[in-house]
Amino acid sequence: MALLYARDQWHQRVVEFSESLDSYHIFTTDAVFIEYLTAFSARGQHLRQQAVASARHFLHASFVTIIPQTRDLLLEGIALYENHPNKEYSLTDCISMHVMRHEGISEVLTNDHHFRQEGFRVLFE
């Protein structure tokens, strides 16, 4: 979100980081794309169109692997969500955390402290 939204406190740092994205291999999920586009749904036509364009770019980028949403993945996310009633983890966070553990991923492209609470290395702090 910070990549498109210039008022975001992380915008400049994310823009700088994005210039080197093709030297990384990124894993994400369908759930992250749903959350991303939802976040722009009421931010005006221009940002909404930019969000769609950037989503389409990443959907077809060779350096991105997108884990499809399946019923099993949803159930794994719900289980993690249910097992942390004292946390404010979103279902999307829980799905992402499950995928990261399953894929052996320890670093996450976010500033979300929930991932740090689960032992992941947050790259934007």
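All of the numbers you see were taken from the coordinates with simple rules; none came from a lab. Because the structure is predicted, anything quoted here is derived from the model rather than measured. Cβ placement follows ideal geometry from the backbone for every residue including glycine, while neighbour counts extend to all protein chains displayed.
Say each of Glu103 and Leu37 gets a label point 7 Å from the Cα, pointing the same way as Cα to Cβ; how far apart are those two points in nm? About 1.9 nm separates the two model spin labels. Between amide H atoms placed 1.01 Å from N, distances below 5 Å from Thr29 occur with Ile67, all of them 5 or more places distant or on a separate chain.
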